[in-house]
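The values are calculated or read from the model by the stated rules, or taken from the named source; none is laboratory data. Everything numeric here is computed off the predicted structure, so don't read it as measured data. Because the Cβ atoms are built from the backbone with ideal geometry, glycine has one as well, and the counts that use them run over all protein chains shown. These accessible areas exclude ligands, DNA and RNA; they are computed on the full protein's heavy atoms, side chains included. Shrake-Rupley method; radii C 1.70, N 1.55, O 1.52, S 1.80 Å.
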Amino acid sequence: MRGGARAWAVWAVGLSAYVVAVLHRTSLGVAGLDAQARFGIGASALASFAVLQLLVYAGLQVPVGVLLDRFGSLRLVVGGALVMAAGQALMAFSDGVSGAIAARVLVGAGDAMTFISVLRLVPQWFPSRRVPVVTQLTGIVGQVGQVLSAVPLAALLSGAGWTTAFISASAAGVFVAIVAMVALHDTPDRRINAGEAVTARRLGSDLATAWRHPGTRLGLWTHFTTQFPGTVFALMWGYPFLVAGEGLSRGTASSMLTLFVLVGMVGGPLLGVLVQRHPLRRSWLVLGVIAANGLGWGLVIAWPGRAPLALLLVLVVALGLGGPGSMIGFEFARTFNPPNRLGTATGIVNVGGFVASLTTILLVGLILDARTGGRAGYDIADFKVAMSVQYAIGVIGVLGILRTRKLARQRLAAEGVHVRPLREVLAERGWFSAQRLGKG
């Protein structure tokens with residue numbers, strides 16, 4: 001039966017692979033200052049490492065989604081873990097930029113195989129009523145990998161050194177690949193659940209059908225807008241911003257990144273329950289998360305000089321909600337697409353956040369270099385100008401959400417599902433007067 005002890009055990013195996021994938025993904029963030037010293041590069045060159053990694057990740061999402069529908073989760077999780085382990089081993093011994101670039105390409109490719117493969121396990125192993133909460137748990141508990149990069153990996157970098165730190169990360173990847181090979185099953189009935197052979201005609205049909213549904217595109221814009229502020233902070237610029245910009249110690253900065261993860265771990269299940277109880281109000285939850293991110297950065301950027309620690313904590317808490325918010329995008333994909341097209345639709349959605357992230361990471365690096373002439377030292381004013389570019393990306397995403405939400409509601413109405421305006425629901429419950437809401 002779905003949802004029993006065996007289901008949780010299989011999910012835990014897949015989750016462990018995702019935890020290690022997040023460790024690999026975010027390792028460059030805590031190693032950013034060390035990488036600049038090791039390779040003798042500036043901010044824009046350092047950003048290009050992360051941008052290339054995310055570009056590979058985003059570019060492979062749709063092909064990996066198709067492969068997932070064809071070959072199942074087990075084979076992709078194992079393959080992804082081994083590819084990332086190879087990338088981290090290469091990074092451990094790289095002394096030049098070309099080796100580091102190749103290493104991040106491998107990390108991005110392996111990472112692309114992991115998350116949506118683990119997500120695919122959830123509806124296979126759990127009843128529908130539990131899927132929103134377990135999906136949130138997958139995304140949020142997986143962020144423990146960021147804690148592993150922010151604390152033990154950072155400690156290894158400052159103590160044992162570069163090579164030992166990245167070899168240790170590589171060994172973790174090999175370990176989870178072995179565990180997945182032994183214990184992971186695609187479905188309760190089959191160890192490997194292979195789909196139909198992929199033909200060019202079917203591939204084109206599935207991609208076109210998934211993309212044409214406004215619910216899929218709503219998921220993409222949701223992921224685009226909610227995920228990138230936290231990803232930019234955790235993957236690349238948060239650690240340098242806190243240390244070089246705000247003047248925090250490395251230990252305090254690592255603690256802030258850990259808090260970022262903990263907020264997501266608490267907020268994720270809460271958002272999952274809200275999505276489960278109010279499935280027709282998911283977009284309002286998304287817009288609330290976006291508003292929190294914008295307010296958090298607005299307060300820090302507007303503060304004269306370096307912000308006090310309390311205000312930085314507010315920022316980190318706000319950014320921590322972005323990960324749980326982005327998971328709602330996958331709920332749109334799941335509920336608007338049939339099971340045989342779920343991998344493809346999930347891949348489309350997952351492209352959104354990482355396209356926004358890589359664009360923002362690169363823009364921040366270019367702005368920092370433009371303001372400092374390529375030198376390694378930055379002050380808080382440089383970071384404030386650079387981080388402000390996030391608002392431009394956010395506006396694009398919000399416009400996409402509002403447009404596709406309207407189209408999705410029209411599609412639901414055509415199928416006989418009516419979504420009542422939120423103002424009517426609030427007025428009915430006596431929260432506001434109908435007359436006042438009508439004027440507002």
Among (1) assigned to a helix (DSSP H, G or I); (2) touching a residue at least 40 places away in the same chain (Cβ under 8 Å); (3) surrounded by fewer than 18 Cβ atoms within 10 Å (Cβ to Cβ), which single condition is Gly247 missing? (1)
Looking at Gly110, Gly96, Gly72, which one is touching a residue at least 60 places away in the same chain (Cβ under 8 Å) and either closer than 30 Å to Phe241 by Cβ or within 17 Å of the chain's Cα centre (by Cα) (or both)? Gly110
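Given the options Leu46, Leu82, Leu74, name the one that is open to solvent by less than 20 Å² (accessible area, probe 1.4 Å), hydrophobic (A, V, I, L, M, F, W, C), in a helix (DSSP H, G or I) and over 22 Å from Thr344 (Cα atoms). Can you show your working first?
Details: Leu82 fails: open to solvent by less than 20 Å² (accessible area, probe 1.4 Å); Leu74 fails: over 22 Å from Thr344 (Cα atoms).
The conditions single out Leu46.
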Would you point out the residue of segment 211-259, among those that are at pLDDT 90 or above and small (Gly, Ala, Ser), that is nearest to Arg403 (Cα to Cα)? Gly219
The one condition in (1) on the phi > 0 side of the Ramachandran plot; (2) touching a residue at least 12 places away in the same chain (Cβ under 8 Å); (3) of a type outside the set (S, T, N, Q) that Val122 fails to fulfil: (1)
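State whether one or more residues within segment 56-65 are in contact with a Phe, Trp or Tyr (Cβ under 8 Å, 6 or more places away or on another chain) and more than 23 Å from Ala180 (Cα to Cα).
Kept after step one, since they are in contact with a Phe, Trp or Tyr (Cβ under 8 Å, 6 or more places away or on another chain), are these residues of segment 56-65: 57-58, 61.
Restricting the remaining residues to those that are more than 23 Å from Ala180 (Cα to Cα) gives 58.
Checked against the condition, which is being in contact with a Phe, Trp or Tyr (Cβ under 8 Å, 6 or more places away or on another chain) and more than 23 Å from Ala180 (Cα to Cα), segment 56-65 yields at least one hit.
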Search segment 139-150 for residues that are in a helix (DSSP H, G or I) and modelled with pLDDT of 80 or more and pair each with any residue that is of a type in the set (Lys, Arg) and open to solvent by 10 Å² or more (accessible area, probe 1.4 Å) when their beta-carbon atoms are under 8 Å apart and the residues are at least 6 apart or on different chains. Gly145/Arg25
The condition of being of a type outside the set (Lys, Arg), closer than 14 Å to Ala17 by Cα and open to solvent by less than 10 Å² (accessible area, probe 1.4 Å) holds, among Gln136, Gln146, only for Gln146
How many residues does segment 258-291 hold that are under 21 Å from the mean Cα position of the chain (by Cα), open to solvent by less than 60 Å² (accessible area, probe 1.4 Å), farther than 19 Å from Met387 by Cβ and not β-branched (Val, Ile, Thr)? 11
Which residue out of Ser16, Ser27 is in a helix (DSSP H, G or I), at pLDDT below 90, among the hydroxyl-bearing types (Ser, Thr, Tyr) and buried (at least 21 other Cβ atoms within 10 Å of the Cβ)? Ser27
Of all residues in segment 292-310, which are more than 13 Å from Phe241 (Cβ to Cβ) and either more than 23 Å from the chain's Cα centre (by Cα) or open to solvent by 50 Å² or more (accessible area, probe 1.4 Å) (or both)? Leu295, Leu299, Ala302, Trp303, Pro304, Gly305, Pro308, Leu309, Ala310
Go through segment 116-133 and count every residue that is open to solvent by 10 Å² or more (accessible area, probe 1.4 Å) and closer than 28 Å to Gly87 by Cβ. 2
